[in-house]
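What follows draws every value from the coordinates through simple rules; no lab data is involved. Computed from a prediction, not measured in an experiment: that's the story for all the values here. Ideal geometry is used to build each Cβ from the backbone, glycine not excepted, and the neighbour counts take in all protein chains shown.
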């Protein structure tokens, strides 16, 4: 897949985020990367849980190689049941599609989840994390494995806007070799609509 395909995938991800009435739009900047994600609740909450569609793209640019990572997933979010804190957790699946230059193309079906916690006395400040993993059996193309982890804190500036600071690591195994797609601190914004 060439450079035009990576740019088209990023534009598709950004276009999707702008075209539909979003419940949440996340944009983050790493040292050499830009990530945009769109989250849309699907249907009404049932027993404090809501299925949510995730779609996004990450573009990474470095001197030796560029790369685009797209994802599409479905996660069920709900109250984690803590009495001492406000904790929302989600579990589900995500499809990763990767294209890098030099040519490395593939994808993976990953399972994982995310969590966001806040203390009732400091409800504007929160901590979050997420993990996604795909073994060889659910990977295709040139990929043999996919793994993503992210951790961070966010501060709710307004009811519908938050600033986040965090770290994410994304790595793949391809053709028998492991490689790090991204390992960076990031600054991000979250907008609720």
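Which residues in segment 170-193 have a backbone N closer than 11 Å to a point placed 7 Å from the Cα of residue 27 along the Cα-to-Cβ line? Under cut-off, by backbone N: 189-191. Computed from the C-beta positions of residue 137 and residue 159 and an R0 of 45 Å, the FRET efficiency is 0.55 to the nearest 0.05. Using the alpha-carbon atoms, what tilt in degrees (0 to 90, nearest 10) does helix 3-19 show relative to the longest principal axis of the chain? So the inclination is approximately 20 degrees.
Both radii come from the Cα set of the chain: Rg as radius of gyration, Rh as Kirkwood radius; their ratio Rg/Rh reads 0.97.
In this structure, residue 41 and residue 180 have a Cβ-Cβ separation that, at R0 = 41 Å, corresponds to a calculated FRET efficiency of about 0.80.
So what is the calculated 222 nm ellipticity per residue for the chain, using -39500 (n - 2.57) for each DSSP H run with n of 4 or more, over all residues, to the nearest 500 deg cm²/dmol? Value at 222 nm, helices only, nearest 500: -3000 deg cm²/dmol.
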